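In what follows, a single structure is set out as structure tokens and then discussed.
Nothing in this text is a laboratory measurement; each read-out follows from the coordinates by a stated rule. Model, not experiment: these values are computed from the prediction. For neighbour counting, all protein chains shown are included, and Cβ atoms are generated from backbone atoms with ideal geometry for every residue, glycine included.
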Amino acid sequence: MMIGRHFLARAAVLVSLILLTPIGEVQAQGNSSTTPPAAVDDVRLRPGDVLRIAIWPNGELGGEFTVEESGYVHLPFLQEVRAAGVPISELRAELREGYRDAMQNPVVTVTPHYRVTITGEVQRPGIHIITPTHALFDVIGLAGGFRDAADMENVRVVREGQVIEFDALRALETGEGMDVIQLRSGDHIVVPRVSPRRLTWSSAFTAVRTISTLLLIVDRIW
């Protein structure tokens, strides 16, 4: 039973990986439906993250700008602007107010790109750059999905000394809670390895079930 559950769950992750749209395409399509606007507005950046800023009608002032170690980002016309730790909604309002000195009724769009790390039993552990539209399973997909030995029932998100536990297997089986965790800049996703004891019991259960099946077949033949 355990093997069947894990197989179906991994199959679901594989399907989601195939259907996963690359980050660049998501941005180009302007897809923000997977994350409520309020969640995006609450995003707070850290040094090393990137802001993609679009300004209308003067598009030359826009571009991609990195948040420096000082916590500031250097922008055309406005020079230094505090970005680290500032909610995106406040940052957008500050930029809109600042650019009013250069143009009338500017339209400012701010898309944060921030780093999260995933380690453990995934195909491609490492650092990934995401936007607020990406959920936990999106990052797992970007990492190539779970390995065979992944303990999907005990996935953890480490955030500033706190640990958030998540049962990915249950979420895949029920379809509930898939986007319950809103990832933040600097989050560390840990996918542990299933304990040897669980692997041993699983193997033993499979062996017993196989022997029972063979005995039933032999009994029917004779």
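Seen through its C-alpha gyration tensor, with square-root eigenvalues sorted a ≥ b ≥ c, region 29-112 comes out oblate because a/c lies at 1.5 or above while a/b is not bigger than b/c.
Annotation for R156 and R100: the two label points, set 7 Å from Cα along the Cα-Cβ direction, are 4.8 nm apart. Gain on full extension, evaluated as 0.36 nm per residue between D42 and D179 minus their Cα-Cα distance, stands at 47.7 nm. Semi-axis lengths, largest first, of the ellipsoid equivalent to region 119-200 are 20, 14, 13 Å, with √(5λ) applied to each eigenvalue of the Cα gyration tensor.
With neighbour counts taken as other beta-carbon atoms within 10 Å, the residues D138, D151 rank, fewest first, as D151, D138. Take the Cα of E90, step 7 Å toward its Cβ, do the same at T109, and the gap between the two points is 2.5 nm.
Hand me the GluC sites (Glu not before Pro) from region 83-160 located in a DSSP loop with no more than 10 other Cβ atoms within 10 Å, in residue order please.
The qualifying sites are E160.
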